[in-house]
Amino acid sequence: ASIHRMQVLDDHRVAARLVEGRHTHVMLKRALAKGEKLPVAVTLGTHPAVTFASCTRVPTGMELPFAAELMGGELKVKRCSNGVLVPDAEIVLEGFITAELVEEGPFVDITGTYDPVRMQHVIEFTGMYTKPDFIYHGILPGGDEHKMLMGAPYEPKIYKAVAGVTEVKNVVLTKGGCGYLHAVVQIKKSTQGDARNAIMAAFAAHTSLKHVVVVDEDIDPGNPQEVEYAIATRVRGDVDVMVITGVRGSSLDPCQCEDGTNVKIGVDATMVSGREADFTRATW
């Protein structure tokens, strides 16, 4: 299960954005290699747990079981005539992804800028099911729901990666960073190098990250004013800023080079070990 934007072409065809290398695209390539179409079903108006699970990075085919766990261990599903299992939904469209390619876009993405027009595959719908008084649910491109669904599944992934190098307390993909490109990582330092290790672990866990700021336990990573305070009072630009060039970035970032590379910046906004008294805020 996954979420894809779709461009209406006519009364039974849409162009779907399939990100290269992701599960749906991989399954389509396998089907086309055998000269077959890929059977699919599009559900509109599912339980929020299903919507959220569809955005996670769980193993292939485990999204619906994950949704079931979020719902207390049970999720009702039915099989469409093309063999695809679907959860309860307001609207179900069944059909096949074909080999046909058409121009898709331009559409607004999470950055609020227009994604480039691409050649994408066509879905041909062969049937539709609806509830009697169905409710149509769509996700507004570039809106808060879009950003949350894009970024939230990566927060635990970053958390787990950073936990492998230091004691991590929290990870926030910030709203100002489109919920996807900027991370604030809160750690409990043991050594002076912990923040740098945390930065590298975060970039490895989420390759679309552009900027990472690491803060101490006394800084709320979800409060932009506190994060800015940490940068203002705990960062020396010549020693606390990591600049990494020539690395893969996000295709959604307008700054990306033609070859797909970008520049990443990591900021150690933590206190200097052994000098905590100099950086500790007064309380009153």
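The values are calculated or read from the model by the stated rules, or taken from the named source; none is laboratory data. Everything numeric in this text was worked out from a predicted model, so none of it was measured. Cβ placement follows ideal geometry from the backbone for every residue including glycine, while neighbour counts extend to all protein chains displayed.
Observations on the structure shown:
- Within region 102-130, tally of residues that are assigned to a strand (DSSP E or B), of a type in the set (Ser, Thr, Tyr) and within 26 Å of the chain's Cα centre (by Cα): 1
- Among residues that are farther than 24 Å from Tyr154 by Cα, surrounded by fewer than 22 Cβ atoms within 10 Å (Cβ to Cβ) and out of contact with any Leu (no Cβ under 7 Å at 6 or more places or on another chain), Ala232 is included.
- Test: residue in region 148-158 that is outside the structural domain of Pro254 (by TED's automatic domain parsing) and closer than 27 Å to His12 by Cα: no
- Within region 207-218, being over 11 Å from Thr270 (Cβ atoms) and either at pLDDT below 95 or of a type in the set (A, V, I, L, M, F, W, C) (or both) holds for Thr207, Ser208, Leu209, Val212.
- Options Ala89, Ala41, Ala49, Ala99; residue that is surrounded by fewer than 19 Cβ atoms within 10 Å (Cβ to Cβ), closer than 25 Å to Pro141 by Cα and either in contact (Cβ under 8 Å) with a residue 12 or more places away in the chain or under 16 Å from the mean Cα position of the chain (by Cα) (or both): Ala49
- Tabulated pairs, region 26-38, first surrounded by 11 or more Cβ atoms within 10 Å (Cβ to Cβ) and at pLDDT 95 or above, second of a type in the set (Gly, Ala, Ser) and in a helix (DSSP H, G or I), C-beta under 8 angstrom, 6+ apart or interchain: Lys37/Ala31; Leu38/Ala31
- Candidate set from region 1-25 (those that are farther than 18 Å from Asp109 by Cβ, in a loop (DSSP other than H, G, I, E, B) and in contact (Cβ under 8 Å) with a residue 12 or more places away in the chain); member that is nearest to the chain's Cα centre (by Cα): Ala1
- Residues that are charged (D, E, K, R) and not in a loop (DSSP other than H, G, I, E, B) were ranked within region 33-77; the one that is farthest from His12 (Cα to Cα) is Glu69.
- Residue match in region 233-243 (condition: of a type in the set (Lys, Arg) and closer than 23 Å to Arg57 by Cβ): no
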